[in-house]
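None of the figures in this text is laboratory data; all of them are computed from the coordinates on show. It should be emphasised that the depicted structure is a prediction, and the values quoted were computed from it without experimental measurement. Every residue, glycine as well, gets a Cβ built from its backbone with ideal geometry; the counts of neighbours run over all protein chains shown.
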């Protein structure tokens with residue numbers, strides 16, 4: 001199923017919410033970029049694992065964009081979807097949205113493309129299990 005320009009694989013879409021507390025802020029009193037990357041990586045990992053049901057790891061991160069600052073006492077929501085799938089890797093797009101705790105205003109604050117690779121039982125790169133992805137497509141119809 002297509003969702004905008006993102007190919008959605010089965011029920012792999014992953015949403016993860018976090019709260020921005022003082023310990024996660026940088027010197028500008030906004031959410032530290034490293035924290036954003038950590039949270040987005042976690043979301044990409046969950047999405048890739050749900051899509052394949054295989055052992056996955058982050059091979060690289062591409063096209064990272066910090067679009068808007070995220071302030072203290074904000075709720076952030078990461079939304080991850082599999083964009084493309086190859087023989088051994090998935091491209092997972094993660095978008096991070098920010099919203100004030102007491103207002104109804106959601107802003108795209110960051111986005112990135114994560115390259116996720118499957119590992120076998122010996123922790124060597126292995127082919128993705130497309131059988132599982134095919135079954136997900138059949139269930140959604």
Stretchable slack from residue 73 to residue 53, in nm (0.36 nm times residue separation minus alpha-carbon distance): 3.8 nm
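Rule-of-thumb check for segment 29-85: C-alpha Rg over 2.2 N^0.38 Å?
Values: Rg = 12.9 Å, N = 57, 2.2 N^0.38 = 10.2 Å.
That works out to 1.26 for segment 29-85.
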Order of 61, 117, 70 under a 10 Å beta carbon neighbour criterion, fewest first: 61, 117, 70
